[in-house]
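Following: one structure in structure tokens, then a few remarks.
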Amino acid sequence: MDQKVIATIGAFDGVHLGHQALFSQMRDYAARYEDARLIILTFVPYPADVLRPHRSQHIDPPHRHLERLGGLEGFEVVPMTFSAELAAHSAETFIREVLHEQLHVTDLFLGYDNRFGAGAKLAYEDYKALGAKYGMEVVQADSLTLSGEIVSSTAIKSLIRSGEMREAYRALGRPYAIYGTVVAGQKLGRRLGYPTANVQREDADQLLPPDGVYACDLELLRPTGRSEQHHAMLYIGKRPTLGGELERTIEVHILDFDEMIYGMEVIVHIFEQLHPEHRFASTEELRSALETYEQDTRRYFAENTRY
């Protein structure tokens, strides 16, 4: 019998628990056969960035999903450049030229809502018929449901936009994380006794939760390659006390930490919103609020010891 080549295809932004459920189903399917290959075909950049430029928002920055997929045991990850030319391919052309002729796929797993090919208008039965034409079995994976809601990248983005970080954590299987580099800021926090690391996002299109104060961990990626995490409080907003029309910033005050970390790469792991954005009448009121925010952040970590 020829070797089974079992593949799936998608953007896999976030590599969340819904995606992982799909991969688990593929493993179970592959266990029926000896020496089966498991392939994840994914895209760089994300298809939405090509199809809807400047309107796409990401869970993970482009390429970061490749790191997550690369950590999955037993899978070969095949990145493919997504372009307008590729987007114009019909589903049949893609199945024939890419899946059948290039990758020799024998079995194709589709996510419960997966659509590909120009216009993405085909139904599962259409893909199944096209697959059969090229000797390919097409299997539709079951969706994953949490609290009655299907786990999907779209649903997770909605949770993040709403500031529902605990629910986003549950669906992702980890805290939502913002990637960036520490840059110089206005140093107001230091003057108020709360120095902050100003984070410039690696990906300007990575989704941010609503403005406010959050409990988070700041992961520092040392130049030596060592990584360390620190409990911290995160502020996202336009600093309305200072005028209100400033550029939106990401500022992290690391608890019990005093070190210059300019230029370091960081990952901000966001756990929960503690306070919404608020405008204060003076910097003295702001200083008092920061003291309260710090106390609330410390209380959060004391009550959530798994962090």
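The values are calculated or read from the model by the stated rules, or taken from the named source; none is laboratory data. Fair warning: this is a prediction, and the values are worked out from it, not measured in the lab. Methodologically, a virtual Cβ is constructed for each residue, glycine included, from the backbone with ideal geometry; neighbour enumeration extends over all protein chains shown. Heavy atoms of the whole protein, side chains included, go into the accessibility calculation; ligands, DNA and RNA do not. Shrake-Rupley method; radii C 1.70, N 1.55, O 1.52, S 1.80 Å.
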task: Mind checking which of Pro210, Leu221, Leu22 is farthest towards the positive end of the chain's charge dipole, using Cβ charges of +1 (Lys, Arg) and -1 (Asp, Glu) about the Cα centre?
output: Pro210
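In percent, how large is the relative contact order of the stretch 1-126, given Cα pairs closer than 8 Å and 6 or more residues apart?
Details: 153 pairs, mean separation 41.7, N = 126.
Relative contact order comes out at 33 percent.
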message: Can you pull out the chymotrypsin sites (Phe, Trp or Tyr not before Pro) in the stretch 5-56 whose DSSP state is coil and whose Cβ has at most 14 other Cβ atoms within 10 Å?
response: Tyr33
statement: Once normalised by the length of the chain, the mean sequence separation of its alpha carbon contacts under 8 Å that are 6 or more apart gives a contact order in percent of 16 percent
query: Once the Cα atoms of helix 283-303 and of the chain are each reduced to a long axis, what angle between those two axes, in degrees from 0 to 90 to the nearest 10, is obtained?
result: 50 degrees
field: Student exercise, the stretch 103-178 dipole from Lys, Arg, Asp, Glu Cβ charges, in Debye to nearest 20
entry: 300 debye
message: Can you give me the orientation-averaged projected area of the convex hull built on the Cα atoms of the stretch 105-241, in nm²?
response: 13.0 nm²
message: I'd like to know which of Gln57, Leu172, Met80 lies farthest towards the positive end of the charge dipole of the chain, counting +1 on Cβ of Lys and Arg and -1 on Cβ of Asp and Glu.
response: Gln57
- line: Between (i) 0.99; (ii) 1.05; (iii) 0.94, the structure-derived Rg/Rh (Cα atoms, Kirkwood Rh) is (ii)
- request: Taking the Cα centre of the chain as origin, sum charge times position over the Cβ atoms of Lys and Arg (+1) and Asp and Glu (-1), and report the length of that vector in debye to the nearest 20.
  value: 380 debye
query: Which value in Å does the Kirkwood hydrodynamic radius of the stretch 1-50 take, with 1/r averaged over all unlike C-alpha pairs and then inverted?
result: 12.1 Å
query: Using +1 on the beta carbon of Lys and Arg, -1 on that of Asp and Glu, and nothing else charged, what's the dipole of the stretch 4-83 about the Cα centre, debye to 20?
result: 220 debye
Whole-Å distance, taken between Cα centres, linking the stretch 245-307 and the stretch 91-126: 46 Å
- prompt: Most mobile of Gly237, Gly135, Gly180 per a Gaussian network model of the chain (Cα springs, under 10 Å)?
  reply: Gly135
- prompt: For the chain, which span is the longest to avoid every loop-located (per DSSP) member of GluC sites (Glu not before Pro) having at most 11 other Cβ atoms inside 10 Å?
  reply: 74-244
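Considering Cα pairs under 8 angstrom that are at least six residues apart, work out the relative contact order of the stretch 217-307 and quote it in whole percent.
29 percent
Just to make sure I understand: if all protein chains stay in place, what is the order of Thr297, Thr224, Thr181 by accessible area at 1.4 Å, largest first? Walk me through the intermediate numbers first.
Values: Thr297 0, Thr224 120, Thr181 50 Å².
Descending order: Thr224, Thr181, Thr297.
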field: All-pairs Cα distance distribution in the stretch 1-123, expressed in whole percent, bin size 5 Å
entry: 2, 10, 21, 24, 21, 14, 5, 2, 0, 0
query: For the chain, what is the mean residue ellipticity at 222 nm derived from helices alone (per DSSP H run of n ≥ 4: -39500 (n - 2.57); sum divided by total residues; nearest 500 deg cm²/dmol)?
result: -8000 deg cm²/dmol
field: Cα-only Debye scattering, the stretch 25-73: base-10 log of I(q)/I(0) at q = 0.13, 0.14, 0.27 Å⁻¹
entry: -0.46, -0.51, -1.02
